Structures are given as structure tokens and as C-alpha cells.
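See structure below.
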Amino acid sequence: VSGRKAVSQADPRTDRERDPRLDGGDLASLLFESNPQPAWIFETASLRFLAVNTAAIRCYGYTHEEFLRMSMREICVAEDLDDLLARVWQAVQGPSQPTMHTIGGRRHRRQDGVRLDVEVAWSRIVYDGHSAILSVITDVTAQRLAEAALWQSEDHLRAVVNRAPVVLWATDREGRFT
């Protein structure tokens, strides 16, 4: 579609005619709100939430209003709070860059108390006059549980093989010992 505007054959209207949210240059808000990944904006000084998207509301179980009364202190597990504060301080002290940076694995708590293992990418921004951080969250809890189960299975298999009273070996497809 390079150089041409993609328009559905079934609907000859332009994107702006189909979605009135695109009027007035509100594309950034549309992208934030419709992102399937949980995302939020929090103030760097207080860690207070300034904005959250629908995916975050679904994932964490808080209402929009509840989120806006909270801060990152209620989402992060207590053991990770000092690291979060250090990372925010580094982000505020460092040069402002428009790109997202992965800050690695974190542990969050949903409203029902369930712990989530998440990967966080963020960027320092100014939002509604506040020094803030835009964060996009990826829930990796299922992946971490699967990895742990795989390691446990591998450890169990290794223990069985090491204690077996027989000689075991493996060969590749050509019959060579591996």
C-alpha cells in the first residue's frame, strides 16, 4: 500500500469519516486508549496515575476512577518499590528521549491480590503539564510459570537419569552418540 491510502472497498468513507476520534489530531489518545497492552501515565514526583487505558483496567481489575486515586505504590509489590523509585529518579535526571525503554521485569498486584510478573517499557513525557512516565505493560506471568514448570520437569528427568541403575545414551539421526 506504499504511497496510496488504504480504504476499504465496502466502506468508501475516509478514516476520519469512519472514526470521529481522529478529528482534532487526537490520534495519540486513540492509540493509547485502544492499545491492547495495559498502559498508563504516572506522575514522576508522586507516582500518582494520571491516565490509564482500558486494557489496564481489564488486566488489573480497578475502575478508571480507582486508578486515578492510586499511585504506582499500590500496584508494585513492596519489595520492588525502592527499585522503582530509583528508576524513576534516573529517568527524571537523564536526558529526555522520545523512545520507549525496556526497564525489565517487575512484579505487580491486581486488585484481587494476585501477583503478576510483567515486563515494562516506558518513556518520560510531559502530560497535562506534569513530568510523567508513559508505561506499557506486558503480562508475562503465564510465560514465567511455564518456564518454571519446564525447569522443574528437566530437573526431575535429570535426577531420574542420574540415579538409573542402567547405562543410558542418546544418538542423533545419523546414529552418532550425543
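Rule-based calculations on the coordinates, nothing more; no lab input. The structure presented is a predicted model; accordingly, all values stated were derived computationally and were not measured. Here the Cβ is made from the backbone with ideal geometry for all residues, glycine too, and neighbour counts use every protein chain on show.
Looking at ALA91, ALA86, can you tell me which residue is small (Gly, Ala, Ser) and out of contact with any strand residue (DSSP E or B) (no Cβ under 7 Å at 6 or more places or on another chain)?
Step by step, each of ALA91, ALA86 is checked, and only ALA86 is small (Gly, Ala, Ser) and out of contact with any strand residue (DSSP E or B) (no Cβ under 7 Å at 6 or more places or on another chain).
State all residues of the range 65-87 that are in contact with a helix residue (DSSP H, G or I) (Cβ under 8 Å, 6 or more places away or on another chain) and buried (at least 16 other Cβ atoms within 10 Å of the Cβ); if no residue qualifies, say none.
Within the range 65-87, PHE67, MET72, ILE75, CYS76, LEU84 meet the criteria.
Here is a check on your reading of the model: is GLU65 in contact with a strand residue (DSSP E or B) (Cβ under 9 Å, 6 or more places away or on another chain), farther than 18 Å from VAL136 by Cβ and either hydroxyl-bearing (Ser, Thr, Tyr) or part of a helix (DSSP H, G or I) (or both)?
No.
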